[in-house]
Amino acid sequence: MKRVLLTRSKDDIERDRKLFEKEGFEVIALPLIQDVPLDFDVPEGPFDFVLFQSQKAVKHFFAKCSLTGKEKILAVGEKTKAEVEKYGYNVWAVPTEFYAEEVAKLLQGYGGRVLIPRSSVGREEAIESLRKLGFEVVPLDVYETRLLDYPSEEFEAKVRLSDFLVFASPSAVKGFFANLQKLRDKSLLKDKKVICIGKTTKGEWERTFGTPCETPEKPTMEDILRLLKKLA
């Protein structure tokens with residue numbers, strides 16, 4: 001049985017575990033990030049658009065805020081769309097791809113104010129793309145992502161046991177690197193197959209480690225699983 005190291009937050013790993021185990025993979029849990037809600041001020045409206053780029057941004061925003069219902073809501077990915085709908089709001093559009101340029105394409109020809117609830121280490125691409133189109137963009141940090149630190153023995157043992165290493169964010173890559181630096185023997189990665197969920201995470205891995213990684217056709221855990229089945 002092939003072993004897969006999952007490095008997302010604890011809750012995410014437990015949700016994904018069934019997906020991988022159902023297909024015969026053994027899951028090794030090594031949460032490298034933890035999401036913590038921030039105490040933020042409710043932004044002054046009105047807004048013409050609200051962009052949610054993750055389920056976590058949705059949860060942390062609506063834990064403290066509500067919308068008027070007049071905003072056009074964009075949700076990156078079907079899971080983020082479903083999360084928005086749990087709070088009783090309709091989603092105006094879902095980008096066909098998960099990248100900033102696709103969001104910009106959807107909003108070409110429009111104008112106004114865009115609210116982007118996000119992580120405190122959120123990516124800047126969407127903000128920059130929309131500002132170039134003339135939008136007033138208001139980023140709102142609603143949670144922060146903290147890197148987790150492990151005893152060297154535990155970290156080394158879990159990585160050594162794994163056949164595949166799966167990363168779903170640049171932050172998880174950074175957490176992995178920080179823990180790896182504490183080890184004398186850094187040859188742990190030899191013969192490991194590394195999977196990064198999308199091009200931003202892939203870029204972080206390749207800049208940090210100087211070695212290539214595999215990416216799925218689409219940046220979803222389901223597509224990661226399809227890729228793993230081909231590589232196993």
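Read-outs: derived from the displayed coordinates by stated rules, not from any lab. Bear in mind that the values here come from a model prediction, so they are computed numbers and not experimental data. Neighbour counts run over all protein chains shown; Cβ positions are idealised from the backbone, glycine included.
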Query - For the chain, size of Cβ-based charge dipole, Lys and Arg +1, Asp and Glu -1, in debye - result: 560
Report task. Could you tell me which label, among (i) 20.0; (ii) 18.8; (iii) 17.6, carries the value of Kirkwood radius over Cα pairs in Å calculated for this structure? Result -> (ii)
Query raised in the report: Over the range 121-218, what relative contact order in percent results from Cα pairs under 8 Å that are six or more residues apart?
Result: 23
Query raised in the report: Scanning the chain for GluC sites (Glu not before Pro) in DSSP loops with at most 14 other Cβ atoms within 10 Å, what's the longest stretch left with none?
Result: 125-216
Report task. Check cross-link reach from residue 186 to the lysines: straight Cα distance under 18 Å, and skip same-chain residues fewer than eight apart. Result -> 158, 174
Query raised in the report: Under 14 Å Cα-Cα from residue 10, which aspartates and glutamates qualify once same-chain neighbours fewer than 8 residues away are excluded?
Result: 35, 149
Query raised in the report: Can you list the residues, at least 5 places off or on another chain, whose amide H is less than 5 Å from the amide H of residue 50, using H built in the peptide plane?
Result: 72, 73, 74, 115
Query raised in the report: In whole Hz, what ³J(HN,Hα) sequence does the range 6-14 give by Karplus (6.51, -1.76, 1.60; θ = phi - 60°), x for Gly and Pro?
Result: 9, 10, 6, 5, 4, 4, 5, 4, 5
Query raised in the report: For the range 4-43, what is the charge dipole size about the Cα centre, in debye to the nearest 20, if Lys and Arg each add +1 at the Cβ and Asp and Glu each add -1 at the Cβ?
Result: 220
Query - Estimated vicinal HN-Hα couplings, Hz - the range 142-154 in sequence order (Karplus 6.51, -1.76, 1.60; Gly, Pro = x) - result: 10, 7, 10, 10, 9, 7, 9, 10, 10, x, 3, 5, 5
Query - For residue 27, residues with placed amide H under 5 Å, excluding near neighbours - result: 4
Requested in this report: With springs only between Cα atoms under 10 Å apart, run a GNM on the chain and tell me which of 65, 213, 196 wobbles the most.
Outcome: 65
